[in-house]
Amino acid sequence: MAMKRYLHQITVDEALAVIRSIPPHTTVRRVPIVESVGHRLAQSLYAEYSVPEVPVSAMDGFAVKSSQTIKAGDQTPLSLKNFARVNTGNVIPKEFDAVVRVEDVWFDGDDPDAITIRKSVNPGTNVRPVGEDIKAGQLILPAGTLIRPFDIGAIASYGFTHVSVRSVSVGILPTGNELIMPGERPAPGQVVESNTTMAESYLRQFGVDVIRYPPVVDNPVLIRGALEKILSENDIAIVSAGSSAGTKDFTAKVIGELGELLFHGVAVKPAKPAMLGIAGKKPIFGLPGYPLSAQTVLRIFVRELLEAWGWKGPEHKTINVRLGDSISSEGGIDEFSLHAAAKVGSEYAAIPQSRGASVQMTGVRSNVIIRIPYGVEGFEAGEVVPALLSAPTEELDRTVLIAGVYDPAIEALTELAVKKDIRIRTGNFNGLSGLMLLLKNACHLVCITDTADLAVLGDLPIVQKKLTKNATLVCRKEMENDPLTKTVLELADSTEFRKKLSRS
């Protein structure tokens, strides 16, 4: 069978323009108010009644006629017999128009039916008037508002148990002969179906409904049947895997049969096989099977569609980082490179991770994403570039970067550091390249197994900490008293660390 090729690859910006041109497809449904959080109101809400509907007390105290208190003063205490005891929220009897606080009242020991006051009150004092909170028919929230958890109390107070919300439902279809369910151990040639689980978790941050459907094997008839069902039940369809150019990748063919394939192949890395089609005015995305490629499609393309339709997801925040190592790119693509970053000294430094699209741990170990734009062949070590955060800035400020060789002792340190609110992130380097990062002040520590490599540091003052028979931690002398670095070095001397090593 002839292999398919990407003959019509478009740029990321061109793909985003296509996505933005797709009109919104949403549904309206009635839901209990407790289920409406994170959704957008389909219809404006107006108060069913005034709150409060009658004057009520704003304080614990005594309802009085204000006109009868005019003569009260510090030097002229006034005794009243015409009053009513009220607590906060109690209805004010019609004959009264003010409330004297309980702490401003004295009781006449000889007459339990009388109170003494030393301060006059004006009409309305300590009284909540009709409609103080909201008046009947007044706007509570306009259509299109994103409902927040603390909005629910007000909505309930003003007469609603259910509201109409605009909803977007996303149906996700996993495909592939090799798939097995999470929890099963894969045999050779099998793959745990994890991309759609990840996709659902990501998409729910936008407040959309997500339905994951049962996996379908690589059969165009079965894929078409499943996709037709998804399109009938959802506003957006996502097909996971089957978007590449292999002999069993049928997604593009099926989309073309059901509607129109808008693009297949984008000049982006990872995620070149990304595709988008439309059928019955509903968009269909094709996710590549490799995890990092799938994440790229979700983060760049699916996000763009949802935000264009009015659904906002996690914050897109960038910081400037200084590169510890150079990054190269093909030039004719947009490349998104995953890095681990932390504050080293006075600025953020970043060290690269593996660039393989199938390596999920690259995503786990990284906390920033650096875009190498179309037409740019890379960045040099030491350059300051913008980086998209995939973790909070606060976490970066509590992160220690350890470059160099892998050793199980680093895992033990990582577990102990978390208890101190410190996140250790590592880079995939050998000892020598890790030491070069240390020389550039691009990491806190380096793990080495050959002390002869230290010669590359020349006269740089350093501190060494033996972890195991083979592994040694190295840091610059000037970083020895950095609070995070110091804590990690202290942990390496701890009894708990030695116990962890002995159990491993």
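For the range 353-504, the mean projected area of the C-alpha convex hull, equal to one quarter of the hull surface, is 10.1 nm². Note on the range 3-74: the C-alpha convex hull projects to 14.2 nm² when averaged across all orientations.
Between residue 187 and residue 381, the modelled label-to-label distance comes to 4.7 nm, taking each label 7 Å out from Cα in the direction of the beta carbon. Solvent exposure of the chain, expressed per residue, is 48 Å² of accessible area, with all protein chains present and a 1.4 angstrom probe.
With R₀ set to 41 Å, the beta-carbon distance separating residue 108 from residue 133 gives a calculated FRET efficiency near 0.65. Highest mean first, the peptides 155-168, 373-386, 305-318 sorted by other C-beta atoms within 10 Å per residue fall in the order 155-168, 305-318, 373-386.
Using the average count of surrounding beta-carbon atoms within 10 Å as a protection proxy, the listed peptides 188-196, 407-415 rank, highest first, as 407-415, 188-196.
Can you give the FRET efficiency to the nearest 0.05 for residue 116 and residue 53, using r as the Cβ-Cβ distance and R₀ = 35 Å? Numbers along the way, then the final one.
Working: r = 33 Å, r/R0 = 0.95.
The pair residue 116/residue 53 has a calculated efficiency of 0.60.
Modelled spin labels at residue 253 and residue 449, positioned 7 Å past Cα toward Cβ, are 4.7 nm from each other. Recomputing Cα extents along the principal axes in Å from the coordinates shown identifies the correct label among [x] 71, 57, 46; [y] 99, 66, 44; [z] 69, 50, 45 as [y].
Between the alpha-carbon centres of the range 139-175 and the range 321-382 there is a gap of 39 Å. For residue 486, the lysines whose Cα falls under 28 Å of its own Cα, not counting residues fewer than eight places away in the same chain, are 343, 419, 420, 440, 465, 466, 469, 477, 499, 500. Compute the distance in nm between two label points, each set 7 Å from the Cα along the Cα-to-Cβ direction, one at residue 470 and one at residue 145. In this crude label model, residue 470 to residue 145 measures out at 6.2 nm.
Over the range 83-214, the ratio between the Cα radius of gyration and 2.2 N^0.38 Å evaluates to 2.14.
Between residue 477 and residue 418, the FRET efficiency estimated from the beta carbon spacing at R0 = 25 angstrom works out to 0.40.
Taking the C-alpha atoms only, the angle from helix 408-418 to the longest principal axis of the chain is near 10 degrees. Annotation: for a label point projected 7 angstrom from Cα along Cα→Cβ of residue 82, residues of the range 46-66 with backbone N closer than 16 Å are 63-66.
Net charge near residue 163: determine it from the other residues with C-beta under 12 Å of the C-beta of residue 163, scoring Lys and Arg +1 and Asp and Glu -1.
Details: positive: 29, 30, 40, 166; negative: 35, 151.
Once all neighbours under 12 Å are counted, the net charge is +2.
The values are calculated or read from the model by the stated rules, or taken from the named source; none is laboratory data. Keep in mind it's a predicted model, so treat the numbers as computed, not measured. Here Cβ is always computed from backbone atoms with ideal geometry, including for glycine, and neighbour counts include all displayed protein chains. Note: areas computed on protein heavy atoms with side chains; ligands, DNA, RNA excluded. Shrake-Rupley method; radii C 1.70, N 1.55, O 1.52, S 1.80 Å.
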